[in-house]
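First comes the structure, then the notes that go with it.
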Amino acid sequence: MHPDTVSERRRLYLLGRVVVARHYRRPLTLAAVAGALSTSPRQLQRAFAQFGDSFHENLLARRMSVAAQLLAEQRAIPVSSVARLVGYRNASYFARMFRRRYGLSPAAFRDRALRHATATTRERAGSPPRRPASLPLPRSRWPAPAARPPAA
C-alpha cells in the first residue's frame with residue numbers, strides 16, 4: 001500500500017474518532033460522518049478497519065463508556081434518561097446493549113458501583129474493609145490473542 005494512502009486513512013480514522021467523541025449523543029451513521037469529513041463511507045470504513053474497530057463498535061464503546069460513568073456517578077438520573085443522554089432513543093435497546101457489553105443490567109451496574117464506592121469510602125475512613133464488589137469490565141468482542149512461541 002502506498003504511504004500516502006496509509007497516512008490519509010490514518011487521518012480519516014482519527015478525524016472519525018473525533019466526530020464520534022464529540023457527537024456520540026446524536027444518531028450517527030457511517031454515511032453521515034463520512035459526509036462531514038468529505039469522504040465516501042467506504043473509505044471511512046476502510047480507515048476504521050485498518051486502524052481499529054469498526055465505526056459501529058467505536059460508537060458503541062464511546063456511548064457505553066459514558067453511560068457506565070453516568071450510572072456510577074449520577075445516581076439521581078434514571079436509567080431511561082441515561083439512555084437518552086448517550087444517544088439511545090429506546091431505553092430497552094440501551095439496556096440490552098449495556099448488558100451485552102458489561103454482563104449486567106444498567107440498574108445492577110449502578111448498584112454494584114454504589115457498593116464499590118461505599119466499600120472504598122469505608123477503607124479510607126478506617127473502618128474494617130468489606131470485601132469490595134468489583135465493577136465489571138467490558139466484554140471483549142474478540143478472543144484473547146494466542147501466546148506467541150518464544151523467538152529463537
Practice task
Kindly list, by first and then second residue, each pair from a residue in segment 92-111 that is in contact (Cβ under 8 Å) with a residue 40 or more places away in the chain to a residue that is surrounded by 15 or more Cβ atoms within 10 Å (Cβ to Cβ) and assigned to a helix (DSSP H, G or I), limited to pairs with Cβ atoms under 6 Å and residues at least 6 apart or on different chains.
Solution key: R101/M64; F109/L71; F109/Y102
Practice task
Inspect segment 51-72 for any residue being at pLDDT 95 or above and out of contact with any helix residue (DSSP H, G or I) (no Cβ under 9 Å at 6 or more places or on another chain) and give the result as yes or no.
Solution key: yes
Practice task
Might you let me know whether segment 58-73 holds any residue that is among the polar types (S, T, N, Q), assigned to a helix (DSSP H, G or I) and surrounded by 16 or more Cβ atoms within 10 Å (Cβ to Cβ)?
Solution key: yes
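Could you pull out the residue among R22, R11, R17, R26 that is surrounded by 13 or more Cβ atoms within 10 Å (Cβ to Cβ) and either touching a residue at least 40 places away in the same chain (Cβ under 8 Å) or under 15 Å from the mean Cα position of the chain (by Cα) (or both)? Before the answer, list the steps.
Working: R22 fails: surrounded by 13 or more Cβ atoms within 10 Å (Cβ to Cβ); R11 fails: either touching a residue at least 40 places away in the same chain (Cβ under 8 Å) or under 15 Å from the mean Cα position of the chain (by Cα) (or both); R26 fails: surrounded by 13 or more Cβ atoms within 10 Å (Cβ to Cβ).
Every option except R17 fails the conditions.
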Practice task
For segment 62-83, indicate whether the set of residues that are in contact (Cβ under 8 Å) with a residue 60 or more places away in the chain and touching a Lys or Arg at 6+ places or on another chain (Cβ under 8 Å) is non-empty.
Solution key: yes
Completion exercise
Within segment 21-51, the residues that are in a loop (DSSP other than H, G, I, E, B) and either among the aliphatic types (A, V, I, L, M) or in the same structural domain as R99 (by TED's automatic domain parsing) (or both) are L28, L37
Practice task
Kindly provide the set of residues from segment 74-115 that are under 21 Å from V20 (Cβ atoms), among the hydroxyl-bearing types (S, T, Y) and exposed (fewer than 15 other Cβ atoms within 10 Å of the Cβ), ordered by number.
Solution key: Y93
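The values are calculated or read from the model by the stated rules, or taken from the named source; none is laboratory data. None of the values given here were measured: they were computed from a predicted structure. When we count neighbours, we look across all protein chains shown, and the Cβ atoms used for this are built from the backbone with ideal geometry, even at glycine.
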